[in-house]
Each structure stands twice: as C-alpha cells, then as structure tokens.
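Asker: Structure in structure tokens, see below.
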Amino acid sequence: MEEKKKARSTEKKKGLPDLPNAQIGKVVLRYAPDPSKYPHIGHALNYMINELYREKYQGKAFLRFDDTNPQKVAREFYDAIRDGMKWVGCKWDEEIIASTKMELFYEKGRMLISNSDLYVCQCDQETIRKNREQMMECSCRVRSVEENLELFDRMIAGEFPVGSAVIRLKGDMRSKNAVMRDPVMFRLIDPQKTPHPIVGDKYWLWPTYDFESSILEKELGTTHVLRSAEFGTMRVELQSYLIKLLGGVPPVFHQYSRFRITGAITKGREIRELVEKGIVLGWDDIRLVTISGLKNRGIVPEVVKDLVLEIGITATNATIDWKKIETFNRRHLDASAPRLFTALDSVKVRVEESPVDQITLRYHPTNDSLGERTLSLTGDFFVSGHDVFSLSEGDVFRLKDLFNVRVVEIADVITLEYAGKELIPNTRKLQWVPVSQALSLEYTIPHSLINPDGSINENSLELRKGVIEDSITAFEVGSLFQLERIGFAKLNKRRDRVIYMHEIHK
RNA sequence: GCCCCGGUAGUGUAGUCCGGCCCAGCACUACGGGCUCUCGCCCCGUCGACCCGGGUUCAAAUCCCGGCCGGGGCACCA
C-alpha cells in the first residue's frame, strides 16, 4: 500500500497530459494571435502550452496572425507578439499572416458559393440578428449560384456600400447552436477609412474569423487547436463543419479555461485605461502583467513554463496568486543572481581601528561562476537605518562576512569598535557598504495596482533611497541581483554616481 | 432569455472515463522547527478539501437525478 501511494505521487509530476490523436512527428499546431493588443501573461501561457506540446510530439508549429479585421489590427502589435513569443522561448517553423492570403479566401469563397454553401445576403444587420434568433431563413438564401458569384465579385470590387451585403454560410437555421444559423463569412470594410497595416487599402471584402481560421486550419493541416475557452464551444462545430466542406479533417479542439491573477489587471481594456490615464508608465510598466511588463520587472521566462506545468490545461477557472509568480521567480534568481550589499535609508558608522583594509567576497555563496569582488575598507561604512534604529550602546553585532563590532556611541555618526573576527553564534548580521565605495541608490518598490477594495491604487510605486556598493558598475543595465536581506532587484540605469534599481520582489 | 462547460484544503492540481488499492496524493501559501556569516535558497514537520440534497450499490470524490454556485458562448471581434 505504501508503495502504491508512492508510485501514484511520483508517476505524474512532469509534463502536460497526452493529447488525443497525437502521434510523434505528426502534430501540427498553431499560435493564432490577433495583432490588436499587447500580449500579456495569458498569451504567454498559451504560447507555452503550444510550445510544450510541440516539443513533446516533435511537431510543427505556425505563428499565424489572424489579422482580418482592419478596424482593430495595428502594426505595432505584430512585433510585440513576436518579441513576446521569443522571450517566452517559443519556436515556430513558419509565419503566416492571414491578411496576405486574401486571394485564397476569395478563391475558397467562390468555390463554396459554386457548391451552394455560401450566399450573398442583403438583409440589414438587425434583420439578420432577428432571423437568427427566430430561426427564420431569409429570401436571400434562394438566390442562384450565378447571381451569388456575380455579386461576390462586385463586393470584392468595392461596388457595394459597407453594410449593404454580407456573405453567409448556408448552415442550419434551426440548429440549437446559434452559431450554425447561417453565420457571416465575409463582410465589407471600407479600406479608405481603415487601411490595413499590412495590405493597405486593397481590399473591401474581408473574411470573418471563423472563415479565415477554418481555411487556414485546413491549408496548414492543423491537427490540434489549443486555445482558451473565450472562443466558445459553439464555434467548434462551425469550424469543424467548414473544414469538412473544404475537404479537410477537423483538428482536435482543446479549450482550456481562462484564469485570473490576484492583485493584477489582466483585461486588455483595463490595462489600456491605466496606460491612457497615465497611472502606469506604459505597456511595459513593471506593475503590469503584459509580457513586456513582466520582462521589465525582472521575471524570468522560465516562470511561464513553471506556471503552465502547475496549472495545466483544465477547464476550471484558475486563480493564480501573484505570490506564486514571485516564488517561482525567486527560485530561479536565487540560483543565478549575484548578491550585493545595499543599505537603505543609509546611516554612517565608523569603526575605530578597523583591522581589515581589504576583503574579497563572493558574489554568490554556492555559484562559483559568478566570481567575486574585492572591497577596500577605511573603517567608514553605511548600514541600513532600519538596522541601526534598534541598536543601543554596548550592543555587539557583526558586519556580515567581515567582523564583529560593539556600539560605542550613538550620535550623528555612530561609533563602533572592533570586537573580534570569530563568528559569535546568534549575533545579528548586518550588510554594509564601504563609504569609499558607495554609490547612491534610488530604489523603487512596486506595489499592487489594485487596492484590497478593488479600486486603483494610485500610489503603487514607492521610492526609497540608499547606497549600494560600486561593484555593481561591473554589471550591465538590466542585470538581476539579490540585495541581501532586502530582496531581488533589477538594475535599470546608472547616471553619474546614482544607481537606479527596482525591487522585483522580496 | 437560450446553449455549453466546470465545482477536490487559502491557492493550483492528481484521482472522476473503466465505483473498491482514496478515512483522498502532490505543490504553493500559512504556521512551527532545522540549516545557513542574508529576513533569500534548502530541509523537516503541522493545520487544512471531495459544493449541497437525494438515489443506485456490499461499496461513490468517482455512476444517476435535482438544486446551488462559478465560467464561457449566443457579433458584419478574434
């Protein structure tokens, strides 16, 4: 019994569950973002899910931009998405931009019209909506193939005003699934008013998502669609139906639930509001969970994988605690980040007759590859004000990794005296910065953007000052550190003798 | 309103298909302890859950029915 329990607990653990109908080497996946927003952690998770399955089955993956709504897509997002995917560590074999496949969509449109699967509908939007609700077919449905073909080409040519006609699928107006009730496959969009960032003002007639993605699913030979549940289960029937009409085999659809992050704003619209109101500094603000925000914050991409493996691809709504992200990140950073001494709200102390004038310290207690630095000492040090606060005259404490000191006098400058080199068990140990090697530190601490009551926290950036050892100048801007006894931090910039950093997390 | 889907400790999950090996496993958090020249990492321990009500059965987290709660969808968005 004991053994069985053990087997059960160790057997799982790593990796995502198997996909149905998946064979090594034959899986075809696609990342299908729509370039109308900056990618956030949710997209990162989606990318990673696909990436993990691509690896698991040694499959093929496409990056496919579903950019068939010129009213929404914008140039800047294509690169933001590519960058996000690269950061997360996703690989793709080929990139497809849907808007460059318009002739294919038209060709398939004509084919389906010829097969009487599509028809031109000239009812207005409201009528279409009502008819679908009441399961009623409209008279446009009986138009001849020839006439449909002619109208289709005239729509492509821009001869119809926007809104005056659409192309619909001859579905099933009596279906329980409302999506199957003759959905719109093409609609008119004025290219003069909203030119497309990739193809400009060339096209009037644009496929809808269901049509576009189904065509491309078939062309690409997609075997598995892994996406979040926001697409809805009703679309699966439609898209499968369309793919069959085109002579393809529908992929396996796997839709996992969306998730929330506690203390973070994940809705694109709300992030946009924060950016526009100037509450955050931009889409890459360190308080945001956009991919660029996380990257800026100092979250390492491995965390995305950790999260996916932890959450899996279940249908239940998951709430990710931001603390979880910190925990995962801390583990990665703990192994790789150099340690540095910092004193916040620094206070100067003087050690009289300091017997040591130089010391070499490792950047990491166990990671040899990070090397070491040598600090020269004059007897004058900075320590954190917070530490000094609780000191009384006569107290003995230790300057960490250096020697013990006894408090002689607490005045403007705190005077200490050397009190031995040997480590005394249970002594307090304070980190220190030699005055001769101290640079000013501007330390920003990000707090949650949301107050416990749900309102926006307008003061979510706390600024603290201190000093940091000048060893930091040996590192590049963007490097990640552990400031001992303070937290993990990222170097943002250096200006003259001032170092700018922010706290990634404790 | 109409369609789906889901509800296992504070959180995330395993188990549910094919009822017994589950008086429910793992991880994070919290708490306690150990290690450590960091308030970090690591190690050990403790608390803690099958939404509710019926039914089927020798036996139900697992099957059936009803309820409650949560999520998604029902666009000329993706």
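The values are calculated or read from the model by the stated rules, or taken from the named source; none is laboratory data. These numbers were taken from a predicted model, which means no experiment stands behind them. Here the Cβ is made from the backbone with ideal geometry for all residues, glycine too, and neighbour counts use every protein chain on show. The accessibility values were calculated without ligands, DNA or RNA, using every heavy atom of the protein model including side chains. Shrake-Rupley method; radii C 1.70, N 1.55, O 1.52, S 1.80 Å.
Asker: Rolling a 1.4 angstrom probe over the protein heavy atoms, how many square angstrom per residue are accessible across the stretch A:246-323?
Answerer: Per-residue accessible area for the stretch A:246-323 comes out at 49 Å².
Asker: Taking amide H positions as placed in the peptide plane 1.01 Å from N, state which residues far from A:His447 in sequence (5 or more) or on other chains have amide H under 5 Å from it.
Answerer: Close amide H contacts, sequence-distant or interchain: A:Leu461, A:Glu462.
Asker: I need the phi-derived Karplus couplings for the stretch A:483-496: 6.51 cos²θ - 1.76 cosθ + 1.60, θ = phi - 60°, integer Hz, Gly and Pro marked x.
Answerer: Per residue, the Karplus-derived 3J(HN,Hα) values read 8, 4, 6, 10, x, 9, 9, 10, 7, 9, 6, 10, 10, 6 Hz.
Asker: Something else: Rounded to whole Hz and in sequence order, give me ³J(HN,Hα) for the stretch A:372-384 from the Karplus expression 6.51 cos²θ - 1.76 cosθ + 1.60, θ = phi - 60°, writing x for Gly and Pro.
Answerer: After applying 6.51 cos²θ - 1.76 cosθ + 1.60, I find 8, 9, 10, 10, 9, 10, 10, x, 9, 9, 9, 10, 6 Hz.
Asker: Another question about this same structure. For the stretch A:416-423, take each phi angle, set θ = phi - 60°, evaluate the Karplus expression 6.51 cos²θ - 1.76 cosθ + 1.60, and give the result in whole Hz per residue in order, putting x for glycine and proline.
Answerer: 10, 10, 4, 9, x, 9, 5, 5
Asker: Using DSSP, restrict attention to beta bridges with both residues in chain A and report what percent are antiparallel, rounded to the nearest 5.
Answerer: Values: 57 of 86 bridges.
Rounded to the nearest five, the antiparallel share is 65 percent.
Asker: Please work out the C-alpha center-to-center distance from the stretch A:146-176 to the stretch A:264-287 and express it in whole Å.
Answerer: Using only Cα atoms, the two centres lie 40 Å from each other.
Asker: Accessible area per residue, 1.4 Å probe, Å², for the stretch A:102-208: what's the number?
Answerer: For the stretch A:102-208, the per-residue accessible area is 48 Å².
Asker: Summing -39500 (n - 2.57) over the DSSP H runs of n ≥ 4 in chain A and dividing by its residue number, what mean residue ellipticity at 222 nm do you reach, to the nearest 500 deg cm²/dmol?
Answerer: -8500 deg cm²/dmol
Asker: Leaving out ligands, DNA and RNA, what percent of the accessible area of the stretch A:260-336 is carbon and sulfur, probe 1.4 Å? Mind showing how you got there, number by number?
Answerer: Numbers: 1830 of 3800 Å².
Taking all protein chains in place, the stretch A:260-336 shows 48 percent carbon and sulfur surface.
Asker: Cα extents of chain A along the three principal axes, largest first, in whole Å?
Answerer: 102, 63, 40
Asker: How many percent of the accessible area of the stretch A:347-458 is carbon or sulfur, using a 1.4 Å probe?
Answerer: 47 percent
Asker: Amide H to amide H, which residues 5 or more places from A:Glu484 or on other chains are under 5 Å from it, using H placed in the peptide plane?
Answerer: Residues meeting the criterion, in which the H sits 1.01 Å from N, are A:Leu340, A:Thr342.
Asker: With all protein chains present, how much of the accessible area of the stretch A:140-241 (probe radius 1.4 Å) comes from carbon and sulfur, to the nearest whole percent?
Answerer: Whole-percent figure for carbon plus sulfur exposure: 53.
Asker: Which value, in Å² rounded to 10, gives the accessible area of A:Glu503 with a 1.4 Å probe and all protein chains present?
Answerer: Around 10 Å² of this residue is reachable by solvent.
Asker: Take the alpha carbon atoms of the stretch A:110-135, find their center, do the same for the stretch A:205-261, and report the distance between the two centers in whole angstrom.
Answerer: 20 Å
Asker: What accessible surface, in Å², does a 1.4 Å probe find on A:Val349, ignoring ligands, DNA and RNA and rounding to the nearest 10?
Answerer: That residue has around 0 Å² of solvent-accessible surface.
Asker: Give the accessible surface of the stretch A:387-440 per residue, rounded to a whole number of Å², with probe radius 1.4 Å and ligands, DNA and RNA excluded. Mind dumping the intermediate values first?
Answerer: On the way: 2700 Å² over 54 residues.
I get 50 Å² per residue for this part.
Asker: If you find the alpha carbon centre of the stretch A:14-30 and of the stretch A:420-438, how far apart are they in angstrom?
Answerer: A separation of 55 Å, based on Cα centres.
Asker: Something else: Check the cysteines of chain A one by one and keep only those with no other cysteine Cβ under 4.7 Å from their own.
Answerer: A:Cys90, A:Cys123, A:Cys138
Asker: While we're looking at this one, here's another question. 5 Å is the cut-off here: which amide hydrogens, built 1.01 Å from N in the peptide plane, fall below it relative to A:Ala419, excluding neighbours closer than 5 in sequence?
Answerer: Answer set, sorted by chain and number: A:Asn404, A:Val405, A:Arg406.
Asker: To continue, here is another question. With contacts defined as alpha carbon pairs under 8 Å and 6 or more residues apart, what's the relative contact order of the stretch A:337-506 in percent?
Answerer: Normalised by residue count, the contact order of the stretch A:337-506 is 24 percent.
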